[in-house]
Amino acid sequence: MTTTSPSRTIVTGYPSTMGDDVQLNTTTLIRHAARTHPEREIVYRTSDGGWARYSYAAAYERIIRGANALRGLGVQPGERVGILDWNSRRHYELYWAIPGLAAVMVQLNLRLGPEDLAFVIEDSGSSVICVDETLLPVAEAVAPRLPNVRAWVVMTDKPLSQIKTTLPNVLHYEDLVAAASARITWPEVDEHAAYSACYTTGTTGRPKGVYYSHRAIVLHSYAIATNIGMVLDDCTMLITPMFHGQAWGLPQAATLMANKIVLPGRYMAEDTKPLTDAIIAEGVTITNGAPAIFLPMLHYIETLEHKPDLSRLRMMSGATEPPLTMMRGFHDLTGAEIVHAYGATETTPLVTMNRYKPSVRERLTEGELLELKRKQGLPVSGVDVRLIDGMGNDVPWDGVTQGEICMRGPWITTTYHHMPEDDRAGRFHDGYWRSGDVGTIDADGYLKVTDRLKDVIKSGGEWISSIDMENLLLAHPSIAEAAVVGLAHPKWQERPFVLVVAKPGHEVTLDDVRTHLSSAFAPWQLPDAIEVVEEIPRTSVGKFDKKRIRSTRANTYGGQVNA
């Protein structure tokens, strides 16, 4: 039998004898880890800022009790349960307890404003919300708009009598867990059913829901583990927020491989000392995060009299391109490797990971290999990547020709929650999700994101990469942070504009910036204006808020607003 669609032909061959009806479920991962590696440790941050630890076996018992507690609240298959929490042990437990019931874990971005957060909860239809005590003000700000939430479950070490809140229908997570049974028969869930949902941060319009299937995350877990080289004696710390894109799928991959897991709880980007100290003390070998987190960690390590040996540490870096100075600094001081990865909420998120192929190791110098690490990397097996031009045609993989990055695979979304059919054309092409990123792929297969479609600077009919300009600026000895946007210009359409944060005690001028950039950019590409600021505006997930920058500086060159 042959099944066809506009972009695919599926041919049915001879039947196999395999157990293809056995469903891929998230429960399988934690159940196996607890049964086979019950002694393995999970280290977690406590509410007083200290550290504690328990075993996979102890965690699994609490997961079962948590699932039974939720079932006792009437949580049924297909029901949506929201979580407002940091990277805590309770959050980790709910990662398994909720989808284990065939319910959907809705990841609530605590950095969203009240209006967007209320929209996410309402759009998802979440009826139960589990909220950490420290985030009660966030929940209280949206609760009056959410009459369909029937229970607010407070997660705290304190007794409920000591909790002051205006939330209605309040329950106590620890009381529920203590009273619940430690035995359960997990349902076998249809692998195509959603186990979790995450909403995009909505830079244009409302946040859009991406609902991940059990099948997608199980396959994605194997992809993460394989491509980062995860083994049984690894120790994984979850730095990326667990409320966004399931911490890049690292909780499930680490559990798949029975890693020792470190959960840092609540932390601040301004003070990464506790994270760095824990990496050293616990022997962390795999972690994930953004340069905005890793750079302060490096600066802290630079102050240590005795530099730690982190030669086994692989630091998956995403969100923005890691600066060469940061990658070189970690390698030279500690032996740690920055592993550039690429993905999105819509892609679970792994699409590419930058590891060296043997052929490039043999051919390139050390300097060239370091430069190669700036690229987003090789597409992982299972994901098909295309570059298309404005007409929808594929462009060559020559490392020069740019195109919009499109992708398809078993863990890539094919729609958004409640998405009108008429809106699909702008986000999908021939069955591929359109990322909105512009990039190139070289002859070795390495993807390089050159810009966002909306952020690429169009000047005099030519394109200027804001990302490349930002990364070169970070190599300037006086610049701590830099953001580059295109502002409307009456003659050239757009011209580059630079916001910089100077390092303490340093000054930065336009001449400094232009001279520094002239090593890689032509004179016509250089910015005509800069502004030195104390802080660059960021979005709710820590990326530069370029829409806001463009809006507030729109008239710099006398052009029209280009937000």
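The values are calculated or read from the model by the stated rules, or taken from the named source; none is laboratory data. Remember, predicted model here, so these are calculated numbers, not experimental data. All Cβ positions, even for glycine, are placed from backbone atoms using ideal geometry, and neighbour counts span all protein chains on display.
Could you list, in sequence order, all residues of the stretch 473-515 that are farther than 23 Å from THR325 by Cβ and not basic (Lys, Arg)?
Restricting attention to the stretch 473-515, the residues satisfying the condition of being farther than 23 Å from THR325 by Cβ are 486-495, 497.
The answer is GLY486, LEU487, ALA488, HIS489, PRO490, TRP492, GLN493, GLU494, PHE497.
Any residue that is hydroxyl-bearing (Ser, Thr, Tyr), at pLDDT 95 or above and over 25 Å from CYS198 (Cα atoms) - is there at least one of those in the stretch 442-459? The answer is yes; a qualifying residue exists. Across the stretch 63-93, the number of residues qualifying as surrounded by 24 or more Cβ atoms within 10 Å (Cβ to Cβ), under 24 Å from GLU191 (Cα atoms) and within 25 Å of the chain's Cα centre (by Cα) comes to 7.
Within the stretch 7-26, the residues that satisfy the criterion of being in contact with an Asp or Glu (Cβ under 9 Å, 6 or more places away or on another chain) and either under 16 Å from HIS214 (Cβ atoms) or basic (Lys, Arg) (or both) are VAL22, GLN23, LEU24, ASN25. When each of ALA254, ALA247 is tested for being buried (at least 22 other Cβ atoms within 10 Å of the Cβ) and at positive phi, the lone residue that passes is ALA247. Taken over the stretch 177-213, residues that are buried (at least 19 other Cβ atoms within 10 Å of the Cβ), in contact with a strand residue (DSSP E or B) (Cβ under 8 Å, 6 or more places away or on another chain) and hydrophobic (A, V, I, L, M, F, W, C) amount to 5. Considering the stretch 94-133, the residues that are in contact with a Ser or Thr (Cβ under 8 Å, 6 or more places away or on another chain) and of a type in the set (S, T, N, Q) include one that is nearest to THR165 (Cα to Cα), namely ASN109. Check whether at least one residue in the stretch 267-278 is outside any loop (DSSP other than H, G, I, E, B), touching a helix residue (DSSP H, G or I) at 6+ places or on another chain (Cβ under 6 Å), surrounded by 20 or more Cβ atoms within 10 Å (Cβ to Cβ) and assigned by TED's automatic domain parsing to the domain that holds LEU108, and report yes or no. There is no residue in the stretch 267-278 that is outside any loop (DSSP other than H, G, I, E, B), touching a helix residue (DSSP H, G or I) at 6+ places or on another chain (Cβ under 6 Å), surrounded by 20 or more Cβ atoms within 10 Å (Cβ to Cβ) and assigned by TED's automatic domain parsing to the domain that holds LEU108. Test GLN76 against the criterion of being among the polar types (S, T, N, Q), touching a strand residue (DSSP E or B) at 6+ places or on another chain (Cβ under 6 Å) and closer than 23 Å to ALA194 by Cβ, and give yes or no. For GLN76, the condition - among the polar types (S, T, N, Q), touching a strand residue (DSSP E or B) at 6+ places or on another chain (Cβ under 6 Å) and closer than 23 Å to ALA194 by Cβ - is not met. Scanning the stretch 303-334 for residues that are under 26 Å from ILE467 (Cβ atoms) and either of a type in the set (Val, Ile, Thr) or in contact (Cβ under 8 Å) with a residue 12 or more places away in the chain (or both) yields a total of 19.
On inspection, SER459 does not qualify as buried (at least 21 other Cβ atoms within 10 Å of the Cβ) and hydroxyl-bearing (Ser, Thr, Tyr). With respect to (1) modelled with pLDDT under 95; (2) closer than 27 Å to PRO322 by Cβ; (3) crowded, with 16+ Cβ neighbours inside 10 Å, the lone exception for VAL380 is condition (1). For the stretch 384-400, does any single residue satisfy the condition of being closer than 20 Å to PRO322 by Cα and outside any helix (DSSP H, G or I)? So far as the stretch 384-400 goes, yes, one or more of its residues are closer than 20 Å to PRO322 by Cα and outside any helix (DSSP H, G or I). You will find that of ILE388, ILE441, ILE467, the residue that is touching a residue at least 40 places away in the same chain (Cβ under 8 Å), closer than 27 Å to GLU531 by Cβ and surrounded by 15 or more Cβ atoms within 10 Å (Cβ to Cβ) is ILE467 and no other.
Among the residues of this structure, VAL351 counts as one that is under 21 Å from ASP444 (Cα atoms) and surrounded by 21 or more Cβ atoms within 10 Å (Cβ to Cβ). Applying a threshold of 9 Å to beta carbon distances and a minimum spacing of six or more residues, or different chains, the list of pairs starting in the stretch 70-94 at a residue that is assigned by TED's automatic domain parsing to the domain that holds ASP48 and over 16 Å from VAL170 (Cα atoms) and ending at one that is of a type in the set (Lys, Arg) and in a loop (DSSP other than H, G, I, E, B) reads TRP86/ARG266; ASN87/ARG266; SER88/ARG266. In the set (1) buried (at least 20 other Cβ atoms within 10 Å of the Cβ); (2) over 14 Å from TRP86 (Cα atoms), the condition left unmet by GLN107 is number (2). Filtering the stretch 174-203 to residues that are touching a residue at least 12 places away in the same chain (Cβ under 8 Å) and of a type in the set (Ser, Thr, Tyr) leaves SER181, TYR195, SER196, TYR199, THR200, THR201, THR203.
Does any residue of the stretch 231-251 turn out to be of a type in the set (S, T, N, Q), in contact (Cβ under 8 Å) with a residue 40 or more places away in the chain and in a strand (DSSP E or B)? Yes: one or more hits.
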